[in-house]
Protein chains: 2
Amino acid sequence: MSERVPARERLLKAAAELFYRDGVGATGIDTITAHAGVAKMSLYNNFASKSDLVKAYLDARLEEWHVLYRERLATAATPREKLLAVFDSYVDHAELAYGWGFRGCGLLNAAAELPVGDAGRATVAFQKEEVEQLFKDYLRQMKPAAAIDETAEHLSFVLEGAMARAGLDGHDGRLKAARRIAISIVDQL
Amino acid sequence: MSERVPARERLLKAAAELFYRDGVGATGIDTITAHAGVAKMSLYNNFASKSDLVKAYLDARLEEWHVLYRERLATAATPREKLLAVFDSYVDHAELAYGWGFRGCGLLNAAAELPVGDAGRATVAFQKEEVEQLFKDYLRQMKPAAAIDETAEHLSFVLEGAMARAGLDGHDGRLKAARRIAISIVDQL
DNA sequence: TAAAATAGGTAGATCGGTCTACATAAAGAT
DNA sequence: ATCTTTATGTAGACCGATCTACCTATTTTA
């Protein structure tokens with residue numbers, strides 16, 4: 001019955017909740033270690049600094065979304081369904097955060113707190129670029145003659161805008177609306 | 001040559017720059033007063049607390065956008081032009097922040113740092129609701145038979161999504177793209 | 001001269017980060 | 001089967017710096 005959980009894992013779980021709920025800057029080292037039920041030195045044995053933990057937090061959120069997206073992708077047959085799987089994975093990811101009090105995209109929120117040169121901002125920018133690239137790929141498969149770049153950017157704006165609004169009023173109806181809008185956009189190409 | 005500027009005004013100007021550039025949480029009281037060239041007590045003579053100053057900062061940004069929007073509105077003749085004036089005022093507002101290092105919408109960034117119950121979040125949510133309502137009004141004047149609510153939400157997503165993306169890659173080309181997208185949306189209603 | 005802004009300082013908490021000293025447990029060596 | 005090494009985790013003191021908030025006393029301004 002060895003239910004032993006490594007300190008690193010406990011720290012990442014605690015950081016995930018606290019960083020998302022209270023913000024990166026407002027969450028101190030002591031709060032994280034206390035919430036993880038772990039000694040302070042266990043944090044510095046596993047991470048070089050708080051920024052390093054923040055970076056790991058962002059990478060974990062990115063990977064978390066990747067998993068949800070690939071799950072949705074597995075059940076998608078057509079390029080159109082694959083494109084919509086991106087929106088569905090956003091809804092799925094939002095629902096993961098409901099227990100913590102939904103506050104929008106954890107990556108975007110964290111990026112808003114990070115200084116301009118910070119490495120974490122690159123992680124966030126990368127994910128948004130990746131989503132836009134996915135839209136381009138699927139659009140190209142759907143309608144090779146369409147204005148791919150413009151439409152992909154349009155879809156990215158709709159998705160991220162819905163997430164921003166959802167973060168403010170605290171429900172994911174916005175994300176489902178974004179999905180409906182995306183359908184109308186791709187279906188009238 | 002009385003170039004005397006009241007302490008309150010100097011504080012708001014310093015707070016505007018520092019809160020936007022470095023974030024609300026990362027900016028301390030002493031930094032603000034030093035940057036304003038003002039005594040610490042002048043802050044507490046004019047504002048009840050730091051949160052009060054943050055609230056004033058948000059209100060000032062909201063009013064700042066209102067001014068820019070009304071300026072654009074004055075040169076708009078048709079409902080279509082008035083609707084686009086919203087997008088233009090966003091570009092104008094973004095350009096105000098260029099000297100500080102553009103980091104996206106100051107209201108959205110600050111809201112990402114504020115706790116869920118904070119009064120400042122209401123200010124931010126209000127501004128986004130207001131924009132969506134403006135879209136509804138102008139759309140109704142343009143095409144009374146169109147799907148007003150859905151289209152207004154669509155336009156809001158495009159605008160706020162463009163702002164979110166712009167905040168990550170640091171230029172307002174995204175906002176100009178959003179304007180072009182908005183034109184295509186309203187012109188094919 | 002009365003009001004407002006000034007400089008400078010204090011209180012008390014919290015921050016990120018470092019350090020010491022000890023406990024536990026599995027793996028390798030004999 | 002015993003000893004030793006190496007990993008990892010523990011508790012808790014401690015560091016310098018910074019935070020908000022508030023105070024006092026002096027100077028400036030109107």
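Here, each number is a calculation from the coordinates, and none is a lab measurement. What you are looking at is a predicted structure, and each value in this text was computed from that prediction instead of being measured. Cβ atoms come from the backbone with ideal geometry, glycine included; neighbour counts cover every protein chain shown.
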| Other chains' Cβ within 10 Å of A:161-173 residues: what's the mean? | 6
| Taking Cα pairs under 8 Å and at least six residues apart, what relative contact order does segment A:1-47 come out at, in percent? | 46
| Kirkwood-Stokes translational diffusion coefficient of segment B:2-43, alpha-carbon pairs, 37 °C, 0.692 mPa s, µm²/s | 321
| task | Measure off 7 Å from each Cα along the Cα-to-Cβ vector at B:Y44 and B:R180, then give the distance between these two points in nanometres to one decimal. | result | 5.4
| said: What number do you get for the protein assembly as shown when its Cα radius of gyration is normalised by 2.2 N^0.38 Å, N = residues? | reply: 1.04
| Tilt relative to chain B, helix B:148-169 - C-alpha long axis, 0 to 90 degrees, to 10 | 50
| message | Can you give me the angle between helix B:50-74 and the longest principal axis of chain B, using Cα atoms only, in degrees from 0 to 90, rounded to the nearest 10? | response | 40
| task | Shortest first and in nm with one decimal, please list how far the B:G99 label point sits from its counterparts in the other copies (point 7 Å along Cα→Cβ). | result | 4.9
| message | Quick check: the angle from helix B:79-96's long axis to the longest principal axis of chain B, C-alpha only, nearest 10 degrees? | response | 30
| query | Tell me, what is the percent relative contact order of segment A:46-120, built from C-alpha pairs under 8 Å that lie six or more residues apart? | reply | 32
| task | Shielding by partners for A:103-112, please: the mean number of other protein chain Cβ atoms within 10 Å of each residue's Cβ. | result | 5
| said: Among A:162-173, B:94-105, how do they line up by average Cβ neighbours within 10 Å per residue, starting with the highest? | reply: A:162-173, B:94-105
| query | In whole percent, what relative contact order does chain A give with Cα contacts below 8 Å and a gap of six or more residues? | reply | 21
| said: Largest first, please: the extent of the C-alpha atoms of segment A:57-187 along each principal axis, to the nearest Å. | reply: 40, 31, 25
| B:A48 label points, 7 Å along Cα→Cβ, one per copy: pairwise distances from this copy to the rest in nm, shortest first? | 4.5
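Per-residue mean of other chain beta-carbon atoms within 10 angstrom of the beta-carbon, peptide A:81-87?
0
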| query | How far is it, in nm, from the label point at A:E64 to the one at A:S51 when both lie 7 Å from their Cα along the line to the Cβ? | reply | 2.3
| query | Taking a label point 7 Å from Cα toward Cβ, how far is A:R140 from its twins in the other copies, in nm, shortest first? | reply | 4.5
| message | If packing is taken as the average number of other Cβ atoms within 10 Å across a peptide's residues, how do B:109-121, A:60-72, B:70-82 rank, most packed first? | response | B:109-121, A:60-72, B:70-82
| task | Please list, or write none, the lysines whose alpha carbon is within less than 30 Å of the alpha carbon of B:K50, excluding same-chain residues fewer than 8 places away. | result | A:K50, A:K55, B:K13, B:K40, B:K128
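With +1 on the Cβ of every Lys and Arg and -1 on the Cβ of every Asp and Glu, and nothing else charged, how large is the dipole of chain B about its Cα centre, in debye rounded to the nearest 20?
With Lys and Arg at +1 and Asp and Glu at -1, about 180 debye.
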| Where the only charges are on Cβ atoms (+1 Lys, Arg; -1 Asp, Glu), what is the dipole of the protein assembly as shown about its Cα centre, to the nearest 20 debye? | 100
